[in-house]
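Everything on this sheet refers to the single structure shown next.
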Amino acid sequence: MEIMDSILEKTCVVSEVLNCIHIALLCVQEDPINRPTMSTIVVMLASDTMTLPKPKQPAFSVGRKDQTLVSAGSYGSVNDVTISSFSPR
């Protein structure tokens, strides 16, 4: 629930939010064969009793960095500033 906007927490049903997150994780599986079809997703969203399959470990994830490792320099460099410049052709 910590990934959800705190303003919405008061007006949501926790089980429905967790169900949506679970389905979203199934939709981004690395191997497309493991992803549910749109018709299956509709059934998953409409059902309160359907047991959802467990998502497989993602190919990569962007998790939180341990600040002690970052400050020690063993985790890699930290980019404090990023500048993007867009130019049309």
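The values are calculated or read from the model by the stated rules, or taken from the named source; none is laboratory data. These numbers were taken from a predicted model, which means no experiment stands behind them. As a convention, Cβ positions derive from the backbone with ideal geometry for all residues, glycine included, and neighbour counts pool all protein chains shown.
Restricting to the range 1-42, count the residues that are among the β-branched types (Val, Ile, Thr) and in contact with a Cys (Cβ under 8 Å, 6 or more places away or on another chain).
Total meeting the criteria: 1.
Counting only residues that are outside any loop (DSSP other than H, G, I, E, B) and closer than 18 Å to Ile3 by Cβ, how many does the range 20-61 have?
Counting residues in the range 20-61 that are outside any loop (DSSP other than H, G, I, E, B) and closer than 18 Å to Ile3 by Cβ gives 8.
Given the structure, is Lys65 at pLDDT 90 or above and assigned to a loop (DSSP other than H, G, I, E, B)?
no
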